[in-house]
Amino acid sequence: MISVIFPTYNEQDNIPVLYERISAVAADIRGHDSEFIFVDDCSTDQTPEILRRLHDRDSRVKTIRFARNCGSHAAIAAGLIACRGDGAVVLAADLQDPPELLRLLVNEWKDGVKVVWGARRKRLGEKVSTKFFSRVYYCLMNYFTTVKVPPLGADVFLVDRAVIEAFKEVNEKHTSVFMVLAWLGFKQTSIEYVKQARLYGKSKWTLGNKIKLTLDSLLAFSDIFIRYISVIGVLTACTGFVYALFVIWGLFNGAPLEGWSSLLVTILVLGGIQMIMLGVLGEYLWRTFDESRQRPRFIVEYKLGLESYSPAGREQ
Ligand code: UDP
Ligand code: MG
């Protein structure tokens with residue numbers, strides 16, 4: 001069986017079209033039946049009612065509804081934990097990733113390949129700033145972490161049951177699901193696709209979300225910050241030392257350095273650097289604190305079609 005997982009947040013206009021298209025593609029795939037798991041990330045529009053009606057009509061449609069909005073990565077994690085397929089495909093519910101990709105992903109899932117990425121070759125209808133930010137994110141990941149991801153980014157993927165089982169062991173909250181899957185290892189490959197423009201609704205990824213994801217990914221998979229603050233500390237200390245030599249040299253030559261402006265600059269620069277370092281330590285500290293509380297990554301309000309084989313409520 002193949003599980004198709006859709007993180008879904010306020011997608012009332014997209015779901016009916018998505019259902020028709022994914023049903024047509026799934027019918028075409030020989031040798032596998034399918035289940036469609038919509039993880040409703042606490043939508044406030046008609047999404048839950050539409051999903052309930054689809055579930056009543058077609059038992060392949062299953063739903064997990066969150067009690068609060070937890071973000072698309074938590075929704076993907078919930079889908080992966082609950083699914084029963086031999087493989088699972090994750091697709092956005094906004095039709096930006098064409099459902100027809102399912103067939104291409106399944107075709108590549110052979111000869112021991114356990115992860116198939118749908119790598120974006122092009123993104124239609126996106127703002128220049130969105131594309132720029134995404135480019136920067138994937139460059140940072142490929143440059144500063146040991147995890148290799150497609151340079152233009154991937155929003156779609158297929159994972160084998162072996163990967164899903166390994167993923168279930170990862171109990172982190174402040175991380176990117178995509179980075180975790182890439183980090184797990186296994187034989188990975190990718191296909192290219194063109195990310196379509198949104199027909200209905202708008203993107204829910206705010207600048208704040210993007211900055212949080214970038215920090216999460218860097219802190220989770222790289223030691224750049226914690227290493228570099230020591231380097232910056234050493235460099236600042238060296239600069240101070242050289243400056244001190246300069247002042248002493250001036251004293252002996254009868255030309256002491258005067259003026260409060262140089263003092264002020266020094267205080268501001270040092271103060272700023274120390275604040276940044278404290279901020280970096282704070283980022284680590286609050287993540288550690290938050291993980292140590294062991295609150296669940298998502299809270300499930302109800303499930304449809306998935307009740308019998310997955311624990312409710314506390315999933316992670
Ligand atoms: N999504 C979600 N929870 C959120 C935001 C988004 O489940 O808090 C879903 C959304 O419905 C869509 C997918 O995640 O199916 C991708 O989100 P979006 O289209 O907003 O992101 P973008 O395509 O701009 O990266
Ligand atoms: Mg989208």
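We did not get these values from a lab; they are worked out from the coordinates using the rules stated. Keep in mind the model is a prediction, meaning the values are calculated, not measured. Neighbour counts are summed over all protein chains in view; Cβ atoms, including those assigned to glycine, are modelled from backbone coordinates with ideal geometry.
Sorting Asp58, Asp94, Asp155 from the fewest to the most surrounding beta carbons within 10 angstrom yields Asp58, Asp155, Asp94.
Just to confirm a number: summing +1 for Lys and Arg and -1 for Asp and Glu over residues other than Val61 whose beta-carbon lies under 15 angstrom from that of Val61, what do you get?
Net local charge, Val61 excluded: 0.
With unit charges on the beta carbon (Lys/Arg positive, Asp/Glu negative), name the residue among Ala92, Thr130, Ala78 whose Cα is farthest towards the positive pole of the charge dipole of segment 23-143. Of Ala92, Thr130, Ala78, it is Thr130.
First obtain the Kirkwood hydrodynamic radius of segment 260-305 from its Cα pairs, then insert it into the Stokes-Einstein equation at 4 °C and 1.567 mPa s, and state the resulting D in µm² per second as a whole number. Translational diffusion coefficient: 91 µm²/s. Along each principal axis, taking the top coordinate minus the bottom one, the Cα set of segment 41-96 gives 30, 27, 24 Å in descending order.
Summing +1 for each Lys or Arg and -1 for each Asp or Glu, what net charge is found among the other residues whose Cβ lies under 15 Å from the Cβ of Asp28?
+1
In terms of overall dimensions, segment 229-307 has a Cα radius of gyration and Dmax of 24.5, 86 angstrom. Only helices reaching 27 angstrom along their own axis (Cα) with mean Kyte-Doolittle hydropathy no lower than 0.0 count here, and for the DSSP H runs of the chain these are 224-252, 260-292.
Derived from the Cα gyration tensor, the three semi-axes of the equivalent ellipsoid of segment 1-95 are 20, 15, 11 Å, largest first. The convex hull defined by the C-alpha atoms of segment 81-217 has an orientation-averaged projected area of 8.3 nm².
Potential lengthening of the chain between Phe252 and Gln46 amounts to 66.2 nm, from the contour at 0.36 nm per residue minus the alpha-carbon distance.
Can you put Met277, Met179 in order of Cβ neighbours within 10 angstrom, beginning with the fewest?
Met277, Met179
With R₀ set to 30 Å, the beta-carbon distance separating Thr236 from Cys139 gives a calculated FRET efficiency near 0.65. For the options Ser43, Ser230, Ser176, a Gaussian network treatment of the chain with springs between C-alpha atoms closer than 10 Å singles out Ser230 as fluctuating the most. Mean sequence separation of contacting Cα pairs (under 8 Å, at least six apart), scaled by the length of the chain, corresponds to a relative contact order of 22 percent. By the Stokes-Einstein formula, at 0.890 mPa s and 25 °C, the chain with its Kirkwood radius over alpha-carbon pairs has D equal to 112 µm²/s. Between Gly282, Gly201, Gly272, the GNM of the chain built on Cα springs shorter than 10 angstrom shows Gly272 fluctuating the most.
So for each of 202-210, 120-128, 98-106 I average, over its residues, the number of other beta carbons within 10 Å; can you give me the resulting order with the highest mean first?
98-106, 120-128, 202-210
Step by step: find N for segment 122-179, compute 2.2 N^0.38 Å, then divide the Cα radius of gyration by it. What's the final number?
My calculation over the Cα atoms of segment 122-179 gives 1.33.
Candidate cross-link partners of Lys148 among the lysines, defined by an alpha-carbon separation under 23 Å and a same-chain spacing of 8 or more, comprise Lys110, Lys114, Lys122, Lys131, Lys168, Lys173, Lys187, Lys195, Lys210, Lys212. For segment 215-256, the Kirkwood estimate of the hydrodynamic radius, built from every pair of different alpha carbons, is 12.6 Å. By the compact-protein rule of thumb, 2.2 N^0.38 Å, the alpha-carbon radius of gyration of segment 54-132 corresponds to a ratio of 1.31.
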